[in-house]
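Below is one structure; the comments refer to it alone.
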Amino acid sequence: MITLLTAMATMTASAQNPIVQTWFTSDPAPLVVGDKMYVYTGHDEDNADFFWMQEWRVYSTDDMVNWQDHGSPLALESFSWADDRAWASQTIERDGKFYWYICAHSKLSGGMAIGVAVSDSPTGPFKDAIGKPLFENGSWDHIDPTVMIESLPLPPSQGGGTKQQAWLMWGNPQVYYCKLNDDMISIDGEVQKLDMTEEAFGSPIMSKREKGKKYKDSYVEGPWLMKAPLSSPLGGKPKRAASSPQGGTGGGLYYLLYAAGGVPEHISYSTAWSPTGPWTYAGEIMPLSDTGSFTNHCGVADFKGHSYFFYHTGKLPGGGGFGRSVAVEEFQYNADGSFPTILPTAEGVKPIATFNPFRKVEAETMAFSKGVKTEQNDEVGVYVTDIHNGDYIKLQNVKFDGNITKQFTARVASGLRGGQIEVRIDSLGGKLLATLDVPGTGGWEKWQTLTVDFTEKGTGTHDLYLVFTGRKGPKLFNFDWWQIVGLLSQVVEDGGTGQYKAIMKEEATLEAHTVFVPQDLSAFSKKKPLPVLVWGNGACTNSPWEHYKFLNEIASHGYLVLATGYIPMEEKPYNGPMSTTQQQIESIDWAIAQNADPTSPYYNKIDVKNICVAGMSCGGLQTLYNCADPRIKTLMICNSGLFKNSNRNQAVGGMPMPDKSKLKEIHTSIIYILGGKTDIAYENGMDDFHQISHVPCCATNFPVGHGGTYRQPHGGEFTVVALNWLNWQLKGDKQSAKMFKGTDCGLSKREGWTIEKNALFDKLK
């Protein structure tokens, strides 16, 4: 036992193969659908002494290392005519439907038969497409179907264009083939046999071999029919077109891969210019190796610019020739389009994408596991079971960047005693981020959703381990799904052009707000604190999705920017409840509290005496609603102004609607940044300006309309004016003051801009 555990621990350090550890799987058939790779497999029963196989299974991935178990959507019971031996199969897509070609023992003929099931989804449910075998004649050699669809050119006499032709092959030791009709569930013409010659497969069929003669190779079973893909130098278009026989289909070069050599098997292949042949033996692909299985069966697929070779081994503990496990290797075609030699490895393939844990993740998604099994039912689908103390699930290349871990949530069920889920990174004994206690829930399918806070934060990209602990010996609990709830963050436009590269993020202590702040706070202190910009969004939107470039750029010049609403991780409109005026007050309260909190990263780093409250459109109305707050140092009203009595009916429901008397409560300097006469807020904003005489006020205009320049790179021209205003009013920067002060101010010289000032304005220091 100690040796086995040590071996498993060693395997998990770098192992990707076999790709499934919860069950024995065999005869892999890959299929790419959109941005996912699916693999259809057989299922060897535990402790089998023959190929006792009752069902087929499906697994999928989008990164080639973390595989989701979709259970068994097809079994012998799906076919009324089948009673045994759910052997090798392959699935293909055509016109939005998925056709799964299988072989099974037929109780109708007493031999092996080819069947076909169909579904609208790659993961099922599948059903028998025709209610009877697609082909059978009582023989035992109708096994291991492979299917391919190719585009063939039509002659001008038939209208030109292309025709989609499907081919089906199978057999041991004879290869049978046929065309399929467009419906994919009926045969076009008669079933034919390939010429099993020495030239085609390295030796003739067994009955025609010469006694005592040594042959190069021999076809056995498990054919895989394919055309030269785009990743091959031949790219589906033969370089040696002149050598294509007249009988070729005109579709390019074809590969037929197969298990070869007898027992034990290796993988070889042949080539032809037509699926019907003549075929030419091309050599071995995967030579005899220490796979732990005397059979082999391969499938090949290109995915996201990579080429993959699937096969099976007997490498799982307890595995062997009747307990096989699917594995995968990445490869590149040789310069002449031929296959290279591919050797089995424990390491397998590298991830081609990071894994996002900040979403609902089915527990049966894993890169590697120890001890656990999967089951399925109608209520929850597939789930993880047979969990004992010391078992674990590993996920590779899990990306925490862009989020701050907050909580771990899992849906679990336990018949009696429960246990714990430890969330660790890098290794089984790696850094512990959280521990979720799982109680007895009253039944193995009495599900509860539980949540625990992270005690340590996850950052960077790591392997993630879910380690199960509890009493030694008994089964602990079942596990349906998990999710990490995180606080989001994102670097916008490389952090901005300012001296301090900024980041946009959420803060756990300031819900429904987005924070823009320098990434490195070490440059700020009690002597050099961050002034504060509090921001309200246009249309009372509860997310700064239109303004994040503008706000991020301001933060990069040494400001703490607190925007109303949820963080925009994509540049698209926010759909949800409107923001409120109170959220701006919450921002001010939070900044002051964080500055005074010794446990906060902002402690003594916020300039709470220099706060600007600002907003665009509705956000500007919210700002004016809050203008009397004595903690405000200055105001910035963008594309906004209080409605006049004559146009109050133009306001959108939910907007704050104080009348013009509210302007008298302003006690600070104030700037209006408007979009010129085509700005729908121009009339209201300029009317405000003309009514404000008791505090310094200016109105600036740039002829871009109501939308401003916020969504332009780094916020465009509006950022230039806003930054100069903030630098002057909150940092006392005299150079920035020149942008506004005097009859010959900088803004009056800036192309496109105009500025008007009231009588008190030039008295500002």
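The values are calculated or read from the model by the stated rules, or taken from the named source; none is laboratory data. Here the structure is a predicted model, which is why all the values come from computation and not from measurement. Backbone-built Cβ (ideal geometry, glycine too); neighbour counts: all protein chains shown. Just the protein is used for accessible areas: all its heavy atoms, side chains included, with ligands, DNA and RNA removed. Shrake-Rupley method; radii C 1.70, N 1.55, O 1.52, S 1.80 Å.
The table that follows gives values for the structure above.
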| item | result |
| --- | --- |
| Accessible heavy-atom area order of L764, L621, highest first, probe of 1.4 Å | L764, L621 |
| Under 5 Å, built H, 5+ apart or other chain: amide partners of V32 | Y38 |
| Selection from N377, T345, Q332, by position along the positive dipole direction of segment 321-449 (Cβ) | N377 |
| Amide proton proximity set for F135, modelled H, under 5 Å, gap of 5+ | I114 |
| R0 of 51 Å, Cβ-Cβ distance K644-L521: FRET efficiency to nearest 0.05 | 0.70 |
| With eigenvalues of the C-alpha gyration tensor scaled by 5 and rooted, segment 496-651, Å | 26, 17, 14 |
| Partners for K370 among lysines (Cα-Cα distance below 28 Å; same-chain residues under 8 apart left out) | K36, K315, K350, K360, K394, K399, K406, K431, K446, K457, K472, K475 |
| Computed [θ] at 222 nm, deg cm²/dmol, the chain (DSSP H ≥ 4; -39,500 (n - 2.57); rounded to nearest 500) | -3000 deg cm²/dmol |
| Unit charges on C-beta of K, R, D, E only; dipole of the chain, Debye | 2660 |
| Separation of the K501 and Q164 label points, Cα + 7 Å toward Cβ, nm | 4.8 |
| Efficiency of FRET from Cβ geometry, I592 and E493, R₀ 41 Å, rounded to 0.05 | 0.90 |
| From phi via Karplus (6.51, -1.76, 1.60), per-residue ³J(HN,Hα) for segment 677-687 in Hz, x at Gly/Pro | 5, 8, 6, 5, 9, 4, 4, 5, x, 5, 5 |
| Given charges at Cβ of Lys, Arg, Asp, Glu: segment 512-654 dipole, positive-most of N645, C618, P601 | N645 |
| Accessible area per residue in Å² at 1.4 Å probe, computed on segment 74-129 | 33 |
| Prolate/oblate/rounded label for segment 435-585 (Cα gyration tensor, a/c 1.5) | prolate |
| Extreme residue, positive dipole direction of the chain, given options C540, W279, P233 (C-beta unit charges) | C540 |
| Nearest-0.05 FRET efficiency for T280 and K211, computed from C-beta distance (R0 25 Å) | 0.50 |
| Table column - 3J(HN,Hα) (Hz), segment 726-735, Karplus curve with 6.51, -1.76, 1.60, x for Gly and Pro | 5, 4, 6, 6, 9, 10, x, 6, 6, 5 |
| Cα-based shape type of segment 280-369, given that a ≥ b ≥ c are square roots of the gyration tensor eigenvalues and the cut on a/c is 1.5 | oblate |
| Average Cα contact separation per residue, segment 528-644, under 8 Å, 6 or more apart, as relative contact order % | 32 |
| The chain: C-alpha gyration tensor shape, a/c 1.5 cut-off, then a/b vs b/c | prolate |
| Net length gained if the chain between W444 and N575 were fully extended (0.36 nm per residue, minus Cα distance) | 43.2 nm |
| Antiparallel bridges, percent of DSSP beta bridges restricted to the chain (to nearest 5) | 85 |
| Full-extension gain in nm, T354 to K734, via 0.36 nm per residue minus C-alpha separation | 132.0 nm |
| Diffusion coefficient, µm² s⁻¹, Stokes-Einstein with Kirkwood Rh over alpha-carbon pairs of segment 325-385 at 10 °C and 1.306 mPa s | 104 |
| Surface share of carbon and sulfur [accessible, 1.4 angstrom probe, percent] for the chain | 50 |
| For segment 703-746, accessible area per residue (1.4 Å probe, heavy atoms of protein chains only), Å² | 43 |
| Vicinal HN-Hα couplings computed from phi for segment 424-430 (Karplus, 6.51 cos²θ - 1.76 cosθ + 1.60; Hz; Gly/Pro x) | 10, 10, 6, 6, 4, x, x |
| Segment 298-350: relative contact order in percent, alpha carbon pairs under 8 Å with at least 6 residues between | 26 |
| Amide H partners (placed H, <5 Å) of G283, local residues excluded | Y269 |
| Whole-Å distance, taken between Cα centres, linking segment 524-582 and segment 280-336 | 53 |
| Surface accessible to a 1.4 Å probe, per residue, for the residues of segment 413-476, Å² | 47 |
| Sequence-separation-based contact order of the chain, relative, with Cα cut under 8 Å and 6+ spacing, percent | 8 |
| Packing-based ranking, highest mean first, of 153-163, 481-491, 557-567 given that Cβ atoms within 10 Å are counted | 557-567, 481-491, 153-163 |
